[in-house]
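Here's the structure we're looking at; comments come further down.
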Amino acid sequence: MTCSSNAKNLVELLDLPDEIILAIMNKIKPRPILLYSMIGIKNIRLEQLALEQCHSIDLTSDCFDSSYEMFIYEFISFTLPYIFNYIKSLTIDIVHVQHLNYIQKTIYDENYLNNLKHLKIMAGRLHCDTGGPFRAGFYDVNMVRRYPLFSDIPQPFYISGGLIEPLLSFYHSPTMSSIISFEFDPVFLFNPPTDKQYFPQSHNLTHISITLRLFDDCVHLLNQIGAQLHSFDVSIMCVRLYQRSDLSKISLICCPKLKELKMKIYQNIFEYEQCIISLLQRLSNVEHLTLLLAIDVNENGSNHFIDGSDLQRDIIPYMSNLFQFDFHIRSILKNADHIELDKIRQSFIQYKQSIDCTIDYFNNQYSQCQIYSLPFIGTRLDFISNRFPLFNVENRFSNVTMLILFDDIKPFEHVFFQRVARTLLRLKVLEVVNLLEQEEKNSATNNSIEFRYLTTLILHDIHADYVEQLLCRTYLPCLIELVIHNDLFLTIINQNQQQVKDNCSKVETLITVEPWYYLTEAM
C-alpha cells in the first residue's frame, strides 16, 4: 500500500508547522490508511494530529482486493480500540459489522463508541458463500406480464443468513443508544426483527434512511419509534393489503417531531388511498415532503389520473406546516379516456412551485400520467416511450441513474439511444421493453454510443435488434450485471463479435430469462 508508506514518511516532517503536516495528511486517501499508519507510533504530536482526524471514519472503498479487506480487519482490530471515543460518524460495509461486535466484546469498555452519532451501513462488495458474485435482485417475469407498466427492475434483496445475526446483535447493543442518524444501504431490504422490535436501544435515534419490504413494516416501525423521529427516508417495496394487515394501526401513529419525510415506492401501489393517504394524513407536522410514487389507479377504484386536485384535497390540507413539497408521481390507468395535457396542468394552477406533467397512451390498453415538481428531484424514470420529453432543452432529467424504456407503438431507433447516452450521463441501470423491430438500421453503422457508467442492462421482452444495438454497437465499459432472454443471448454469443466480448468481459452476474439460468462465473 503506497499510501501507508507515504503516511509513515510524515515522521520525517516533524519540523514543519502543524498546518502543513495536516495539508499533507489530507492528501492521503483512504483516510483509514493514514490513521492506521500514525496511531500507535509513539509520537505524541503526530498521534494527536491523527486523532483530530478521527471524528468521521469511512471504512468503505472502491478497492476490493483481499489485501484491502485484510487492512480493514486490522484497522478495526488494532486501530479502532485506540480511537473509538473520538468517532462521531462511521460508514462501514455490512460484512464488517461482525468485527465491530467482536471488538466490543473483547475490550470490555462500557464507553465503546459512546460518541458515535451517525452510522451508515453499506453493501460493499458482497459475495455468496460459494465465493461467486451474487445477483442484485429478482426479476419477476410473470408479475410484469400480469400488470403492464408494473416496475420490477432488479429490487433490493434480503440479507443473507450469515449477516443477519451480527446485524441484529449490533442493533440490540448499547452502541446504538448514542446514535441519532442511521442510514442503511438502499440495495438492502431491512429485515424486521422476529419480535418486530425496531432499534430497541436507540432512544436518541431521530433520523432514519432504510428500505422496507411491506407497508405493514413501515406502520410497525412508526408505531414504535415514530414519536422520536425528526426525519424519515423510506423506500417500500410493496404496498398491498394482506389478511394480516391491520389498517387500524395507522390511526395509532404519532410523529409530533417529524419534520422531513421522503417516501419512495416504485412498484405499483394497489391501495393508495387506504394506505398511503391514510398514513400521510397522520403526519401533520411535516415541513419537507418528498413523494416518489407509482400508483395503479384502477386498483384504487378511481377513474382518473392523479393530479394537482388530488394532492390539494388529500395531502396538503393535513400538513399545516408544509412549505416544501417535491414529488414525482406516476399513475397508471386502464382504458383511460383521452385527456388533454393542459387539463392536468390546470389542476396545479394554485401551486407556487413549477410543475410539469406528461401523459402516454399505449396499445396495450394502459396509459400513464407522470406529474413532477421542478427541478426534477428523482433519479429514476419508468416506462419511458419515444414520446416522453426526455431530451428537453433544460436537461431536467440529467440526474437520472435508472431508466426503463417501454414502447409498443414505435421502436427505439439508434439515434434515440445516442440521445439517451448524451442526455443521461449518470445512467447506471437500463431496461428495455420493446418487441418492435427497428426501422432505421442503415443509420446504425458505427459504435458511436457509450454508456460510460452503466452497470446493469436488462433486455427482457425485446426484439433481437435491441440486443444487437446495445451489446454489439454500444460501448459498455462498466457492465457487471446482465439480464437477457436466453435464446437471444445464445444467438448473440454464437456470432462471436469482439464488441460483445468486450462489453461482457466484466459481467459478474448473468440472469437469463425463460428458462431461468443462474451463472455465477464471469463470461
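Read-outs: derived from the displayed coordinates by stated rules, not from any lab. This structure is a prediction, so every number in the text was calculated from the model and none was measured. Virtual Cβ from ideal backbone geometry, glycine too; neighbours counted across all protein chains shown.
Here's the list of lysines a cross-link from Lys27 could span, going by alpha-carbon distance under 21 Å and ignoring same-chain residues fewer than 8 apart: Lys8. From the square roots a ≥ b ≥ c of the eigenvalues of the alpha-carbon gyration tensor of segment 238-395, which class results: rounded (a/c under 1.5), prolate (a/b over b/c), or oblate? Oblate. On the beta carbon distance between Thr106 and Glu52, with R0 = 30 Å, the FRET formula returns roughly 0.70. For an R0 of 25 angstrom, estimate the FRET efficiency from the Cβ-Cβ distance between Lys120 and Cys478 and round to the nearest 0.05. Result of the calculation: an efficiency of 0.60. Fully extending the segment from Tyr86 to Tyr361 would add 93.2 nm, taking 0.36 nm per residue of separation and subtracting the current Cα-Cα distance.
Between amide H atoms placed 1.01 Å from N, distances below 5 Å from Ala336 occur with Ser367, all of them 5 or more places distant or on a separate chain. On full extension, the segment bounded by Ile20 and Ile164 gains 47.4 nm, given 0.36 nm per residue less the C-alpha separation.
Applying the Karplus relation 6.51 cos²θ - 1.76 cosθ + 1.60 with θ = phi - 60° to segment 170-184 yields 3J(HN,Hα) values of 5, 4, 8, 8, x, 4, 5, 5, 8, 6, 10, 9, 10, 10, 10 Hz, where x marks Gly and Pro. Which stretch or stretches of segment 361-402 have amide N atoms under 15 Å from the point lying 7 Å from Asp342's Cα along the Cα→Cβ direction? Taking a point 7 Å out along Cα→Cβ of Asp342, no residue of segment 361-402 has its backbone N under 15 Å. Spacing of the modelled spin labels on Ile316 and Ile44, each 7 Å from Cα toward Cβ, amounts to 6.5 nm. Full extension of the chain between Ala464 and Lys501 gives 11.6 nm of extra length, using 0.36 nm per residue less the Cα-Cα distance. Note on Glu183 and Gln274: with the Förster distance fixed at 30 Å, the Cβ-Cβ geometry gives a FRET efficiency of about 0.55.
In order along segment 432-440, the phi-based Karplus estimate (6.51 cos²θ - 1.76 cosθ + 1.60, θ = phi - 60°) of 3J(HN,Hα) comes to 10, 10, 6, 9, 8, 5, 5, 9, 10 Hz; Gly and Pro are listed as x. Using a cut-off of under 12 Å, list every residue of segment 15-50 whose amide N is near the label point 7 Å from the Cα of Asn204 along the Cα-to-beta-carbon line. No residue passes the distance filter. Beta bridges assigned by DSSP with both partners in segment 379-522 are antiparallel in approximately 10 percent of cases. Dipole check for segment 379-522: with +1 at the C-beta of Lys and Arg, -1 at the C-beta of Asp and Glu, and the Cα centre as origin, the magnitude is about 660 Debye. Under 11 Å from a label point 7 Å along Cα→Cβ of Phe78: give me every residue in segment 27-51 with its amide N that close. Zone members listed by number: 36-41.
Taking amide H positions as modeled 1.01 Å from N, with prolines and chain starts lacking one, the residues under 5 Å from Gln438 and 5 or more places away or on another chain are Asp465.
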